[in-house]
Amino acid sequence: MKIKRKDLLSLRDITREEIEGIFNLALSFKEVLKRPIPKVPALRGKTVCNLFFEPSTRTRSSFELAEKRLSADTLNFSASTSALTKGETTLDTLKNIGAMRVDAFVIRHSFAGAPHFLAKNTSASVINAGDGTDEHPTQALLDIFTIKEKKKKLRGLKVLIIGDILHSRVARSNIYGMIKMGMEVNLCGPPTLLPKEFESLGCRIFYNLDEVLPRADIIMALRVQKERGGKSLIPSFREYRKIYGITADRLKYIKENALIMHPGPVNWGVELDYDVLDLDKNVILDQVENGVAIRMAVLYSLIGPGKEKIEET
């Protein structure tokens, strides 16, 4: 099933059926990625421009690999070496690149709403790879896909998201997507990083981690975002770990079949202790692996041929 829209900007308005369609495609692409030659010609002749105005490792690499696995031509844009340094406006930059007949833009920007602005000014498809503190839809899709892969279901699962939720675009997208898929979403963190307004999104708010941790089926820790002022809203990392970190002592109170997740990058010894690394509950690398398949599915859904079968080259 193709996404019934030109762009993927948010999980706020995407339908449950569209999410399921992306997941079904991702399963097919996971099989492709296991082949000796993990590549299909599904997007041959298409061009995707990666516009990253913020640093990124996992998301950018994942999109680039997804594009190559689909045989798309890839154009990588770096703000620091572009005409933006000479005074060109962002809109002029985007229109100039668009004039080169680009089929899709993947954009990460520090300003919330930047992908929406771009989508209104181009006929190409736009994929939001993270905008300010607003959303990060493909990260949430790969998170939810990983949960479904491991748990075989989504409806009724109790999710606990811990940490700097105030600044987290990952948390927002996950909240929209998880509730849409029938999951119960609980949030926990310092009051300075978890305002009550998140209750309006359909979540339950907790400030005592030890109270809610034993009930969680899925535990997602989030990084304290120093670059957005998160560190100034807590006494210290040492204090944060003591109250909200998944420490060796707290691991004893987690459900035996619970999953531990993190969108990365991880501040080891702060959000998660190193004891988590060797646990079967730790699915962080599964998230990274699934990111390529999910992004292949999103790209194919937006700009791929409608009914052509996924075939080996």
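What about GLU54, is it touching a strand residue (DSSP E or B) at 6+ places or on another chain (Cβ under 7 Å) and in a helix (DSSP H, G or I)? No, not satisfied.
Picking from residues in the range 98-116 that are in a helix (DSSP H, G or I) and buried (at least 19 other Cβ atoms within 10 Å of the Cβ), the one that is nearest to the chain's Cα centre (by Cα) is PRO115.
Of the residues ALA66, ALA72, which is touching a residue at least 12 places away in the same chain (Cβ under 8 Å), over 20 Å from the mean Cα position of the chain (by Cα) and surrounded by 18 or more Cβ atoms within 10 Å (Cβ to Cβ)? Give the steps one after another, and end with the answer.
Values: ALA66 fails: over 20 Å from the mean Cα position of the chain (by Cα).
Testing whether each residue is touching a residue at least 12 places away in the same chain (Cβ under 8 Å), over 20 Å from the mean Cα position of the chain (by Cα) and surrounded by 18 or more Cβ atoms within 10 Å (Cβ to Cβ) leaves just ALA72.
One residue stands out in the range 129-146 among those that are crowded, with 24+ Cβ neighbours inside 10 Å and of a type in the set (Asp, Glu): the one that is nearest to VAL283 (Cα to Cα), namely ASP143. Restricting attention to the range 144-199, the residues that are of a type in the set (Gly, Ala, Ser) and under 20 Å from ALA112 (Cα atoms) add up to 4. Considering the range 187-203, and only residues there that are crowded, with 20+ Cβ neighbours inside 10 Å and touching a strand residue (DSSP E or B) at 6+ places or on another chain (Cβ under 7 Å), the residue that is modelled with the lowest pLDDT turns out to be PHE198.
Conditions (1) in the same structural domain as THR57 (by TED's automatic domain parsing); (2) in contact with a strand residue (DSSP E or B) (Cβ under 9 Å, 6 or more places away or on another chain); (3) basic (Lys, Arg), marked per residue:
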position	(1), (2), (3)
HIS109	yes, yes, no
ALA112	yes, yes, no
ALA119	yes, yes, no
THR122	yes, yes, no
SER125	yes, yes, no
LEU142	no, no, no
LYS153	no, no, yes
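The values are calculated or read from the model by the stated rules, or taken from the named source; none is laboratory data. Quick caveat, the model's predicted, so the values are computed rather than measured. FYI the Cβ positions are ideal-geometry reconstructions off the backbone, even for glycines, and counts take in every protein chain you see.
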